[in-house]
């Protein structure tokens, strides 16, 4: 029995030194790694949540800024559109006014030419009726009289 106790003690000592002690150390190291991993995972979860909140805030700010820029651009485009329409209306009005002035000038010129032509015809008809030559001063007087009409 003593031999078995000594034998059991030797086997237990060998088992303890060769298997139990390294296995205990391995389990302890593994436990520390797992605890460190869990702690890191908790820290990463907190960091991820914080980062997600920052991301959401940045997205909201970016959307608000984009909307503001869009509205500003839209308003600027509307202002330019109104300005361009007003400029176009002014330009058209100037063109119409210029056309009216040109037409009026052309009308006056045509009337003057017609009066000269009528005066010339009156002088020619008068010469034919009277059978004598009428001087140029009479033609000038006739044109002057027509202009007074």
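Where a number appears in this text, it was derived from the coordinates with a stated rule and is not lab data. Bear in mind that the values here come from a model prediction, so they are computed numbers and not experimental data. Cβ sites come from the backbone with ideal geometry, for glycine too, and all protein chains shown count toward neighbours.
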On Cα atoms only, tilt of 2-15 relative to the major axis of the chain in degrees
20
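Quick one: length gained pulling residue 90 to residue 45 fully straight, 0.36 nm per residue minus the C-alpha distance?
Numbers: separation 45, 0.36 × 45 = 16.20 nm, distance 6.63 nm.
Here the segment from residue 90 to residue 45 would lengthen by 9.6 nm.
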Value at 222 nm in deg cm²/dmol, rounded to 500, when DSSP H runs of n ≥ 4 in the chain each add -39,500 (n - 2.57)
-34500 deg cm²/dmol
Helix 21-130: angle to the longest alpha-carbon principal axis of the chain, degrees 0 to 90, nearest 10?
0
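How big is the C-alpha Rg of the chain next to the rule-of-thumb value 2.2 N^0.38 Å, as a ratio? Working shown, then result.
Working: Rg = 57.1 Å, N = 149, 2.2 N^0.38 = 14.7 Å.
My calculation over the Cα atoms of the chain gives 3.88.
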Taking a crude spin-label model, label points 7 Å out from Cα along the C-beta direction, the residue 102 to residue 144 distance in nm is 3.6
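Just subtract the alpha-carbon distance of residue 60 and residue 17 from 0.36 nm times their residue separation and send over the number in nm, one decimal.
On the way: separation 43, 0.36 × 43 = 15.48 nm, distance 6.32 nm.
Computed gain between residue 60 and residue 17 is 9.2 nm.
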Return one number: the angle in degrees, 0 to 90 and rounded to the nearest 10, between the long axis of the Cα atoms of helix 136-148 and the longest principal axis of the Cα atoms of the chain.
50
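For residue 1 and residue 29, what does the FRET efficiency come to when R0 = 30 Å and r is the distance between their Cβ atoms, rounded to the nearest 0.05?
0.15
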